[in-house]
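S.K.: Before I ask anything, here is the structure I am working with.
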There are 2 protein chains.
Amino acid sequence: MKLALLNIGSELLRGRTINTNAAFMGETLLRNGYAVETSLVIHDEGATIKEAIQHLLTSHDILLVTGGLGPTKDDITKKVLQEVFGGEMVCHQPTLDRILAFLARRNRPLLEHNRLQAFVPSSCEVLENEMGTAPGMAFYRDGKALVAMPGVPFEMKHLIQTRILPWLKAHFPVQTHLTKVVRTAGIPESRIAERMEGIEQELDGRISIAYLPNYDGTKIELKIAGDPQEAAALQTALDAAHIKVAELFRDYVYAVEDKAPDKVLAEWLLHNKTTFATAESCTGGEIVAKLVQHGGISATLKGGVVAYQVEVKEKVLGVRPSTIRDEGVVSAAVATEMAEGARRVMGCDYALSITGITEARPDAPPQEQPQAWIGLAGPDTTQTYHITLMHDRKVNIEVAAYAALVFALKQMVGSKYQ
Amino acid sequence: MKLALLNIGSELLRGRTINTNAAFMGETLLRNGYAVETSLVIHDEGATIKEAIQHLLTSHDILLVTGGLGPTKDDITKKVLQEVFGGEMVCHQPTLDRILAFLARRNRPLLEHNRLQAFVPSSCEVLENEMGTAPGMAFYRDGKALVAMPGVPFEMKHLIQTRILPWLKAHFPVQTHLTKVVRTAGIPESRIAERMEGIEQELDGRISIAYLPNYDGTKIELKIAGDPQEAAALQTALDAAHIKVAELFRDYVYAVEDKAPDKVLAEWLLHNKTTFATAESCTGGEIVAKLVQHGGISATLKGGVVAYQVEVKEKVLGVRPSTIRDEGVVSAAVATEMAEGARRVMGCDYALSITGITEARPDAPPQEQPQAWIGLAGPDTTQTYHITLMHDRKVNIEVAAYAALVFALKQMVGSKYQ
């Protein structure tokens, strides 16, 4: 069974909007046994849309379409769907009611744009959208399906999870797909590949392996697929391979599930009722912002200080001017005093600090090239760690924030993930 | 002239990696007069790659390929390119030298994986990659071109900017493409469209208009294209339309160029030598992290306090317990004291605060539904502003951070952007 995504939207091709929808859909569908084969982005023009739909439907069984719907461009996509699947445009009363209620709550009048959103081709099954005014539409013909939905991310997510996945499962029963992940940091992809060659013969032949480098390290992904009746045996084979791989890279593993360092840390803090705070310089709040993404974190995260300028390091965190003068602002000593200051000021069990340089200057001496010192102050001791940064400013901030989170995890959680 | 992107990478289809490459390429190419027509993502499998290349080359003139190169998967893509364009695999000595130097700096041996990266089809022109070990490759035949590059974002960016754009301009001279943008916040897309209808007749017929809603508001994009010899006339027509649109939405405009609120604010602070700090609760560092993305900001940004828990609001920012008790933690009064506290503690001209709720709880009363109070403390006065949040936690944090930045801009910069 082959599945394609079609994202309609000139803003995606012009690069003004990053296609996070495709990533969300790829991951969510895969977790449910539907692997995306192809992902295509096109402009919202009638002829282009029609051609893309017809082309993709010849080589795929399921086509999920996002975008091309919404108050200002609704008509083009729906007209094409009507041409391809037949029927006439009819008003879907529950959608019209939802639009009227939505507008009433905002004291806005019903514009022609809004009213047209309630019209759909009679050949589709309407998948109701409780998060917005454009409904989802499912078409099914000759064993093939097309499901169209708005491109607004939270509306798309709502429809995928509550309407589209159940609809797909009813029309296209799937094979069992199992995935396990080992997340590593501090070892390059080529070294992982080289080392994996040593154990490849020992792994079940049905298992496929991928190496996915990112700013938070390299993820090793193990996959197996097969008949649902064999699910238990597939799981056993995958588990055995997963343990072998995790042990092979034990010194570099920070998680044996597919979780980013901030998520692993947030969960560990909550589970262990350990309070935490940050003191950031070069990452400018990126570390604390990553932790705040996780619901419930307010029970354990006290807060953070972004001590971007020296005077804030001194005044708010109590870093001694003499330390900065003698050791330099990017030093193990300043990282130590920042972490200890944050721990004291915010009254928490652990505090994580970072001070560094994220922007390369061609004329700077080696000691001023991008790098950072990370500090972790705990109840008993303060540890520090040095990293070299090799990318541009934006990427260096990401890489440094993840390196700090991984360092905190390794110090606090230790052998649990090794 | 039709241009297509082909991103090779199972990690993109599995959704584990967000396709930021396509966005960067779309935007950069467009700015140089090359509009992307189609963007396709496929798995790194030889047959799939070959079929996609052949299909895209029948309907496009230029095909830019990313990914499918790198130490663990190099051979498949290069073999396909050799099959399609002919020639034999030859060693590119400057690339081999670069790989050897790269490995020597890291004290790593030359693995077979690494050595193979220096081999390219003899039918290509090598575009040297100074940021990594896999070179770019440009193929040109019968008026059509394919340029392949690694998918690692900073290597791709380097190649696009320093090698591929000059190569494209030499082989495919372009029409003049001009774009202008009006960035608005606080007015929905449907209201913009409705209001635009009133002036559409007054605008030059060659101008196309797009509305691009995002978390920081809705962008209105005006475009015109034509012969390079007409460039001055095109610019005049576009400028006239741009002024009309900016005036039509004057109350909602925060920038008349394509810059995010954090960039506009960072530039204004630097230009006016105005010092700034933040005090964030619900956005958890997202506002200060956005400002820190901008190089040079250290001259004006003192820092920030993420006062996630009440005690940090009181202890670090000096918010009075009685204010929290009487007004509630999400209130204009607390936003005011947070902003004034940050301004005092960090000694700056302006401080921006936010306190709110980003996560919806079904059982919560209306006053505990997602919302935030924003405060801006300046030399003369402190202003506050209330927003309602309507999405999920992650999106609400983004929306709230941008709303705070836009509020600061409107208060500080005022009529300059109106």
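S.K.: From the C-alpha gyration tensor of the range B:310-355, pull out the three semi-axes of the equivalent ellipsoid (sqrt of 5λ each), sorted largest to smallest, in whole Å.
M.R.: 17, 11, 7
S.K.: Please list 3J(HN,Hα) in residue order for the range A:271-284, calculated via the Karplus relation 6.51 cos²θ - 1.76 cosθ + 1.60 where θ = phi - 60°; whole Hz, with x for glycine and proline.
M.R.: Working through the residues one at a time gives 5, 9, 6, 9, 8, 8, 8, 10, 9, 10, 10, 5, 7, x Hz.
S.K.: Could you work out, residue by residue across B:209-216, how many beta carbons of other chains sit within 10 Å of that residue's beta carbon, and then give the average as an integer?
M.R.: On the way: counts 1, 8, 5, 6, 7, 3, 1, 0.
That works out to 4 on average.
S.K.: What translational diffusion coefficient, to the nearest whole µm²/s, does the range A:271-313 have by Stokes-Einstein, given a Kirkwood radius computed over alpha-carbon pairs, a temperature of 4 °C and 1.567 mPa s viscosity?
M.R.: 117 µm²/s
S.K.: Mind checking which of A:Phe139, A:Phe102, A:Phe407 has the largest fluctuation in a GNM of chain A, springs on alpha carbons under 10 Å?
M.R.: A:Phe102
S.K.: Also: Check B:Ala360: other-chain or 5+ apart residues with amide H under 5 Å from its amide H, H built from backbone geometry?
M.R.: B:Arg393
S.K.: Using Cα-Cα distances under 8 Å and only pairs 6 or more residues apart, what relative contact order does chain B have, in percent?
M.R.: Averaging sequence separation for qualifying contacts and normalising by length gives 11 percent for chain B.
S.K.: Another question about this same structure. Once the Cα atoms of helix B:332-346 and of chain B are each reduced to a long axis, what angle between those two axes, in degrees from 0 to 90 to the nearest 10, is obtained?
M.R.: Orientation of helix B:332-346: about 70 degrees from the principal axis.
S.K.: May I ask which of B:Lys273/B:Lys302; B:Lys259/B:Lys290; B:Lys302/B:Lys394; A:Lys263/B:Lys157; A:Lys223/B:Lys78; A:Lys290/A:Lys394 have a Cα-Cα span longer than 19 Å here?
M.R.: Over 19 Å apart, Cα to Cα: B:Lys302/B:Lys394; A:Lys263/B:Lys157; A:Lys223/B:Lys78.
S.K.: Let me ask another. Using only helices, what value at 222 nm comes out for chain B when you add -39,500 (n - 2.57) per DSSP H run of length 4 or more and divide by the total residues, to the nearest 500 deg cm²/dmol?
M.R.: One gets -12000 deg cm²/dmol as the mean residue ellipticity at 222 nm.
S.K.: Okay, moving on. With Rg and the Kirkwood Rh both taken from Cα atoms, where does Rg over Rh land for the protein assembly as shown?
M.R.: Taking Rh as the inverse mean 1/r over Cα pairs, Rg/Rh reads 0.95.
S.K.: If you bin every alpha carbon distance in the range B:209-346 into 10 Å steps from zero, what whole percent lands in each bin?
M.R.: Computed distribution, short to long bins: 10, 28, 26, 20, 9, 5, 1.
S.K.: Now for a different question. Considering only A:Ile18, A:Ile99, A:Ile42, give the residue with the highest GNM mean-square fluctuation for chain A, with springs between Cα atoms whenever their separation is below 10 Å.
M.R.: Highest fluctuation of the listed residues: A:Ile18.
S.K.: Shifting gears a bit: For B:Ala260, list long-range residues whose amide hydrogen, built 1.01 Å from N in the peptide plane, is under 5 Å from its own amide hydrogen.
M.R.: Amide H neighbours of B:Ala260: none.
S.K.: Taking the dipole about the Cα centre of the range B:275-418, with the C-beta of Lys and Arg at +1 and of Asp and Glu at -1, give me whichever of B:Leu352, B:Val330, B:Ser298 is farthest to the positive side.
M.R.: B:Ser298
S.K.: Explain nothing, just compute: Karplus ³J(HN,Hα) = 6.51 cos²θ - 1.76 cosθ + 1.60, θ = phi - 60°, for every residue of the range A:351-356 in order, whole Hz, x for Gly and Pro.
M.R.: With coefficients 6.51, -1.76 and 1.60, one gets 9, 10, 10, 8, 9, x Hz.
S.K.: Identify, among B:His158, B:Gln175, B:Pro121, the residue whose Cα sits farthest towards the positive end of the charge dipole of the range B:56-189, taking +1 on the Cβ of Lys and Arg and -1 on the Cβ of Asp and Glu, with the dipole about the Cα centre.
M.R.: Of the candidates, B:His158 comes out farthest on the positive side.
S.K.: Now a separate question. Where the centroid of each part is defined by its Cα atoms, how far is the range A:15-47 from the range B:152-210 in Å?
M.R.: So the two Cα centres are separated by 22 Å.
S.K.: Right, another one. With a cut-off of 8 Å between alpha carbons and a minimum separation of six or more residues, what is the relative contact order of the range A:1-95 in percent?
M.R.: Value for the range A:1-95: 37 percent.
S.K.: Show log10 I(q)/I(0) for chain A at q = 0.09 Å⁻¹, two decimals, from a solvent-free Debye sum over equal Cα scatterers.
M.R.: Treating every Cα as an identical point scatterer, log10 I(q)/I(0) equals -0.75.
S.K.: In square nanometres, what is one fourth of the surface area of the convex hull spanned by the alpha carbons of the range B:140-236?
M.R.: 9.4 nm²
S.K.: Restricting attention to the range A:224-304, which trypsin sites (Lys or Arg not before Pro) occupy a DSSP loop and are surrounded by at most 10 other Cβ atoms within 10 Å? Don't skip to the end; give the middle numbers.
M.R.: Working: sites: A:Lys244, A:Arg250, A:Lys259, A:Lys263, A:Lys273, A:Lys290, A:Lys302; in loops: A:Arg250, A:Lys259, A:Lys273.
Counting only loop positions with at most 10 other Cβ atoms within 10 Å, the trypsin sites (Lys or Arg not before Pro) in the range A:224-304 are A:Lys273.
S.K.: Give me the net charge of B:Ile224's neighbourhood, meaning all other residues with Cβ under 13 Å from the Cβ of B:Ile224; Lys, Arg count +1, Asp, Glu -1.
M.R.: For residues surrounding B:Ile224, the net value is -2.
S.K.: Got the A:Thr20 label distances to the other copies yet, label 7 Å along Cα→Cβ, in nm, shortest first?
M.R.: Listed shortest first, these distances are 1.2 nm.
S.K.: Could you give the Stokes-Einstein D for the range A:88-163 in µm² per second, using the C-alpha Kirkwood radius, 4 °C, 1.567 mPa s? Kindly include the intermediate steps, with their values, before the conclusion.
M.R.: Values: Rh = 13.0 Å.
Translational D for this selection: 100 µm²/s.
S.K.: Is there a quick way to get the dipole size of the range B:1-152? I mean about its Cα centre, with the Cβ of Lys and Arg at +1 and of Asp and Glu at -1; what is the value in debye to the nearest 20?
M.R.: The dipole magnitude comes to about 360 debye.
S.K.: Right, another one. Hey, which residue of A has the C-beta nearest the axis mapping A onto B, and what's the distance in Å?
M.R.: It is A:Gly285, 2, counting Cβ atoms only.
S.K.: Now a separate question. Suppose every Lys and Arg Cβ carries +1 and every Asp and Glu Cβ carries -1, with no other charges. What dipole size does the range A:231-279 come out with about its Cα centre, to the nearest 20 debye?
M.R.: 100 debye
S.K.: Please turn the phi angles of the range B:306-315 into ³J(HN,Hα) values with the Karplus equation 6.51 cos²θ - 1.76 cosθ + 1.60 (θ = phi - 60°), one per residue in order, whole Hz, x for glycine and proline.
M.R.: 9, 9, 6, 9, 3, 5, 6, 4, 6, 6
S.K.: Please state, as a whole number in µm²/s, the translational diffusion coefficient that the Stokes-Einstein equation yields for the range A:279-418 at 20 °C and 1.002 mPa s, with Rh defined as the Kirkwood radius across alpha carbon pairs.
M.R.: Details: Rh = 15.1 Å.
So the translational diffusion coefficient is about 142 µm²/s.
S.K.: Still on this structure, please answer the following. Please give the Cα centre distance for the range B:288-358 versus the range A:330-383, rounded to the nearest Å.
M.R.: 23 Å
S.K.: Ok, one more. Are there GluC sites (Glu not before Pro) in the range A:50-140 that DSSP puts in a loop and that have at most 16 other Cβ atoms within 10 Å, and which ones?
M.R.: Sparse-neighbourhood loop GluC sites (Glu not before Pro): A:Glu88, A:Glu128, A:Glu130.
S.K.: Based on Cβ point charges of +1 for Lys and Arg and -1 for Asp and Glu, what charge dipole magnitude is obtained for the protein assembly as shown about its Cα centre, in debye rounded to the nearest 20?
M.R.: Numbers: 86 positive and 100 negative charges, 205 e Å.
Computed about the Cα centre, the dipole is about 980 debye.
S.K.: For the range B:261-377, what relative contact order do you get, as a whole percent, if you take Cα pairs closer than 8 Å and at least 6 residues apart? It would help to have the intermediate numbers written out before the result.
M.R.: Working: 213 pairs, mean separation 33.1, N = 117.
Rounded, it is 28 percent for the range B:261-377.
S.K.: Which percent of the Cα-Cα distances in the range B:19-110 go past 17 Å?
M.R.: Every Cα pair in the range B:19-110 considered, those over 17 Å come to 63 percent.
S.K.: 5 Å is the cut-off here: which amide hydrogens, built 1.01 Å from N in the peptide plane, fall below it relative to B:Leu6, excluding neighbours closer than 5 in sequence?
M.R.: B:Leu40, B:Leu64, B:Val65, B:Thr66
All of the numbers you see were taken from the coordinates with simple rules; none came from a lab. Just so we're clear, the structure is a prediction, and the values are computed from it rather than from any experiment. No Cβ is skipped: glycine too gets one built from the backbone with ideal geometry, and neighbour counts run over all protein chains shown.
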